[in-house]
């Protein structure tokens, strides 16, 4: 039973580390850009939108489709960066332990 106690202790430590990682990701901000930087979107490490910046040259009622496409591209760029940082954090937390695809902590 000594091993079970050690396992429980490790699980509690891991839970604390996961909590810390989630707090860091909430504070992390990543910026996605599109249209050569004419559209910028800032997301948290958890994917929550914080800010959108649009170059005034793009604000033309006749060009709304272009602006919409650029916003989607900037959001996707920022989300990809947030996901990459999240994966880096998880990798450092698990000490390089390879988790199955789609497996996310906490459970």
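Read the figures in this text as sums done on the coordinates, not as results from a lab. Remember, predicted model here, so these are calculated numbers, not experimental data. Virtual Cβ from ideal backbone geometry, glycine too; neighbours counted across all protein chains shown.
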Take 67, 43 and order them by how many other Cβ atoms sit within 10 Å, fewest up front. 67, 43
Could you give the length gained on full extension between residue 94 and residue 76, defined as 0.36 nm per residue of separation minus the Cα-Cα distance, in nm? 3.8 nm
Residue list for segment 1-43, given a label point 7 angstrom along the Cα-to-Cβ vector of residue 49 and an amide N cut-off under 11 Å: 41-43
For the chain, just the Cα set please: Rg and Dmax, both in angstrom. 19.2, 71
With only helices counted (DSSP H, runs n ≥ 4, each -39500 (n - 2.57)), the per-residue ellipticity at 222 nm for the chain, to the nearest 500, works out to -19000 deg cm²/dmol
Run the numbers for residue 31 and residue 17: contour at 0.36 nm per residue of separation, minus the present Cα-Cα distance, in nm. 2.5 nm
Tell me the label-point distance for the pair residue 8, residue 58, using the 7 Å Cα-to-Cβ offset, in nm and rounded to one decimal. 5.4
Anyone know which of 56, 24, 79 comes out most mobile in the 10 Å Cα GNM of the chain? 56
